[in-house]
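See structure below.
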């Protein structure tokens, strides 16, 4: 479930759009309006508008879209019920509205038109409405067991307008290239070949990089605005990961990167203990030369101990 929120100033325009017969429209809920036809609906909105005509954008228009996978269970009654709960959570109450369902696209969706001038003449707040809407849509999706969209991969690119069309094309390119490049030089070169320019943001007058900007078709996008995984720091971490993976694949079998270059005290102790095992005859080698060398070493150690005892005396 997703919502697109638009504020406007022309009630007749939004009424004509939502009730366009070419969209296979069906009115499923309304309150406070004369619903005989488009003219009486717009008139009703405008009459209430006179209670507070200083508001620049009194028209509220929200499109609620659902996944195609949920279509079999989304009757008009169910969609109206969900839309009304969405409105209540958004604080859209005690005002005029109507809800209509469209059938002009493959996915189920409804349009909500409402008056931002409430029945008491007060203005309905739109503070942080898009952030609140995103949270509420997710909550209702989970509450009613609706299909959770898979993110940008499921967006229909052919329906997008600029700059979103370019933004999603850039997303697809970055997803491929960041996943296979091992350095910024290689990544930038590969992006350039596909019409993407790369520039970096620095901290003040220093050389410390703080961000990355991608330019494609004359549109500029901060990396994190394309997708959170494409911020400078996350791309840098991904490239480092790719380098490490490549090194691991090039290493001979049996080689491990955690082998210490300098023997630790613990390791030296373990090696010395192992040597004593050989000297005591517990080694696994049956080689006669090794056995003789071990006996000689044992004799040297015995003499040293004897000399130390003589010194203490």
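Laboratory data are not the source of any read-out in this text; all were calculated from the coordinates shown. Everything quoted here is computed from the prediction, not taken from an experiment. Glycine gets a Cβ as well: all are built from the backbone with ideal geometry, and neighbour counts include every protein chain shown.
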* For the pair residue 248 and residue 161, what calculated FRET efficiency results from E = 1/(1 + (r/R0)^6), where r is the Cβ-Cβ distance and R0 = 51 Å, to the nearest 0.05? -> 0.70
* Structure fact -> Listed with the fewest Cβ neighbours within 10 Å leading, 107, 102, 77 appear as 77, 107, 102
* To do: Give the order of 87, 43 when sorted by the count of other beta carbons within 10 angstrom, beginning with the fewest.
  => 43, 87
* Would you kindly state how much longer the chain becomes between residue 175 and residue 138 on full extension, computed as 0.36 nm times their sequence separation minus their alpha carbon distance, in nm to one decimal? => 10.8 nm
* **For region 130-144 and region 16-90, distance of Cα centres in Å** => 19
* Asked: In nm, what is the difference between 0.36 nm times the number of residues separating residue 201 and residue 189 and their Cα-Cα distance?
  -> 2.5 nm
* What spacing in nm lies between the two simple spin-label points modelled at residue 215 and residue 89, each 7 Å away from Cα in the Cβ direction? -> 4.2
* Net length gained if the chain between residue 54 and residue 12 were fully extended (0.36 nm per residue, minus Cα distance) -> 13.3 nm
* To do: Evaluate E = 1/(1 + (r/R0)^6) for residue 81 and residue 107, where r is the Cβ-Cβ distance and R0 equals 22 Å; express this FRET efficiency to the nearest 0.05.
  => 0.75
* **Pair residue 131, residue 240: separation of 7 Å Cα→Cβ label points (nm)** => 3.0
* **log10 of Debye I(q)/I(0), alpha-carbon scatterers only, for region 2-149 at 0.09, 0.15 Å⁻¹** => -0.26, -0.74
* Starting with the fewest neighbours, write out 86, 144 ranked by other beta-carbon atoms found within 10 Å of each beta-carbon. => 144, 86
